[in-house]
Amino acid sequence: MASKKKDKKKDKINDDMETAAKKDKKKGWSLILSSIIAGLLGAFVYRLYVSYVVVPELPKFDLDVWWGSGPRSSQDISIRPYRILLLDSMQENIRRKFEAYRRATKIKSLNESSSYGLNSDNLGQIFAHWQFKYNYRERTRYFNKYDHFKTNIQGLDMHFIHVKPKTPGNVRILPLLLLHGWPSSVKDFYEMIPLLTTPRNGYDFVFEIIAPSLPGFAHSQGAARPGLTTYEIAIIMRNLMKRIGFNQFYVHGGDIGHAIGSHMATIFPNQILGFHTTTPINYSYLASMGWFIGSICPKCLSDNYVRDKMYPLSDKLSFYLEESGYFHLQSTKPDTIGIALQDSPLGLAAYIIERYLLYTNPNSKFTPEEAFSGYNMTDLLDNVMLYWSTGSITTSLRLFKETVRNYEMEQVLARIPTSVPTWGLRTKNDLFHQHDNIIRWKYPNLRGLTNLEVGGHFPAFEIPSEVASDIFKSVKKFLLTKKV
């Protein structure tokens, strides 16, 4: 009996030791697993921190990349006078295509809105005006009322308008580079140029204007190889200004012109004296996250101007989803849609003008009878003609694909703050608005923001007087602050 009791006791001790060993082993594996999870979580958080918060070093760029098809040895660096021509053969081509359209069966819109695309009645208005009221010879004179030039920059023949003001000796002349976007052109600036080159009360300066067509847009040559994205265009624009004779200058931009101007201010902060934008947006991932976080409590935002235009989040996302199809198409298959658009002048007009109408006033989609109330039809067709007459719609669309393909570098530049004095003009119906503090992450030297209750995404075209006045106001602020 005593022997059995000893055996049982011994067995119990062994069982206890085995159970304890299993518990220790389980604890060990739990500790290892917890360490792995903590390590992975830490690495993830660190990756987020590095990707979104840490300011990266400014990359080193090749400032003389060759984008042309010919050899570098054949480059002509002279600045040559240039004229815009709307040839008789071009008019005859359009007339034949219009005649084919007139004879074709028309497809009517399913309802009275433009919810399926540009309303057929609006298309009819465009067609009638273009065919019967658009005066090619008069518009040719209009286009050439400013001095046009071309010069070869990095292998590309770059077109630009250059307007020198005629002013008394006591007025300073400041160089200003104007950068358009898509589907815009230098036409956006035609009504604004005389406002910027004419002296006005309260200002002791006027502007000398340089307004280039972006590479691949209208009369500027497109790249012969892939890779010409917005930061590469920023380098081209800086080299263009240097060729013209300006080592330091001011920049104004909107839409894609904003992205290019922002990159110029980031890459060349000592050459850009001030940056004025009608698209004051911080494109970094962190800024986008701020918009989503703000949706948790929109009422907590102190900026009523932004809050009323960007929330509820679901409404804004729904708008972007419905109206950004063109962006996806142009970012993936620009050449395919470009072929279709270049084959049909009326199709090109519908594609371009719809962007202007919708992004000026989103409600015009539901009231097509008021679609053209803010625009002159001839002005809209002038812009279309610059694309059609040069066959440049395809090369302009490629910029979207190049930007998406190089988005990682775009994000690096978006996260690097620029010291250049900056001023933003915000309009009522622009596509996107951000809180002032989010804009300051990218532009810590933001000297001011003007909030308008008029205008849309193309204010230089739509409300040139307001934009010109804001440019004057911003540059005066830049100069005063610089003195201090």
**Request:** Test each condition in (1) among the aliphatic types (A, V, I, L, M); (2) within 30 Å of Leu479 (Cβ to Cβ); (3) in a helix (DSSP H, G or I); (4) out of contact with any His (no Cβ under 6 Å at 6 or more places or on another chain) for Leu399 and report the one that comes out false.
**Result:** (2)
**Request:** Working only within segment 438-484, note down all residues that are open to solvent by less than 70 Å² (accessible area, probe 1.4 Å), part of a helix (DSSP H, G or I) and farther than 27 Å from Pro362 by Cα.
**Result:** Lys442, Phe472, Ser474, Val475, Phe478, Leu479, Thr481
**Prompt:** How many of the residues making up segment 429-484 are modelled with pLDDT under 95, over 16 Å from the mean Cα position of the chain (by Cα) and among the polar types (S, T, N, Q)?
**Reply:** 2
**Prompt:** Going by the structure shown, is Val412 outside any helix (DSSP H, G or I), open to solvent by 20 Å² or more (accessible area, probe 1.4 Å) and among the aliphatic types (A, V, I, L, M)?
**Reply:** no
**Request:** Take segment 427-437 and flag every residue that is open to solvent by 20 Å² or more (accessible area, probe 1.4 Å) and either of a type in the set (S, T, N, Q) or in contact with a helix residue (DSSP H, G or I) (Cβ under 6 Å, 6 or more places away or on another chain) (or both).
**Result:** Asn429, His435, Asn437
**Prompt:** List, please: which pairs have Cβ atoms under 8 Å, are six or more places apart or on different chains, and start with a residue in segment 410-425 that is over 22 Å from Tyr285 (Cβ atoms) and end with one that is of a type in the set (Asp, Glu)?
**Reply:** Trp423/Asp470; Leu425/Glu466; Leu425/Asp470
**Prompt:** Can you name the number of the only condition in (1) open to solvent by less than 10 Å² (accessible area, probe 1.4 Å); (2) in contact with a helix residue (DSSP H, G or I) (Cβ under 9 Å, 6 or more places away or on another chain); (3) of a type outside the set (Asp, Glu) that Leu240 fails?
**Reply:** (2)
**Asked** Which one of the conditions (1) more than 32 Å from the chain's Cα centre (by Cα); (2) of a type outside the set (Val, Ile, Thr); (3) closer than 30 Å to Phe366 by Cβ does Tyr134 fail to meet, given that it meets all the rest?
**Response** (1)
**Subset of segment 219-237 that is open to solvent by less than 10 Å² (accessible area, probe 1.4 Å) and part of a loop (DSSP other than H, G, I, E, B) - its residue that is nearest to Glu408 (Cα to Cα)** = Thr229
**Message:** Looking only at segment 348-357, how many residues end up being open to solvent by less than 30 Å² (accessible area, probe 1.4 Å) and either in contact with a helix residue (DSSP H, G or I) (Cβ under 6 Å, 6 or more places away or on another chain) or among the acidic types (Asp, Glu) (or both)?
**Reply:** 6
**Prompt:** Which pairs have Cβ atoms under 6 Å, sit 6 or more apart or on different chains, and link a residue in segment 95-113 that is in contact (Cβ under 8 Å) with a residue 60 or more places away in the chain and closer than 20 Å to Gln342 by Cα to one that is among the polar types (S, T, N, Q) and surrounded by 13 or more Cβ atoms within 10 Å (Cβ to Cβ)?
**Reply:** Phe98/Gln131
**Asked** Given the structure, is Arg139 open to solvent by less than 30 Å² (accessible area, probe 1.4 Å) and among the charged types (D, E, K, R)?
**Response** yes
**Request:** Among residues belonging to segment 294-332 that are over 21 Å from Asp430 (Cβ atoms) and without any contact (Cβ under 8 Å) to a residue 40 or more places away in the chain, point out the one that is most open to solvent (accessible area, probe 1.4 Å).
**Result:** Lys299
**Prompt:** Which residues, counting only those in segment 148-184, are surrounded by fewer than 17 Cβ atoms within 10 Å (Cβ to Cβ) and part of a loop (DSSP other than H, G, I, E, B)?
**Reply:** Lys164, Lys166, Thr167, Pro168, Gly169, Asn170, Val171
**Request:** Give just the number: which of (1) out of contact with any His (no Cβ under 8 Å at 6 or more places or on another chain); (2) surrounded by fewer than 23 Cβ atoms within 10 Å (Cβ to Cβ); (3) in a helix (DSSP H, G or I); (4) at pLDDT below 95 does Thr394 not satisfy?
**Result:** (4)
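The values are calculated or read from the model by the stated rules, or taken from the named source; none is laboratory data. Keep in mind the model is a prediction, meaning the values are calculated, not measured. Ideal geometry is used to build each Cβ from the backbone, glycine not excepted, and the neighbour counts take in all protein chains shown. Surface areas here come from the heavy atoms of the whole protein model, side chains and all, with no ligands, DNA or RNA. Shrake-Rupley method; radii C 1.70, N 1.55, O 1.52, S 1.80 Å.
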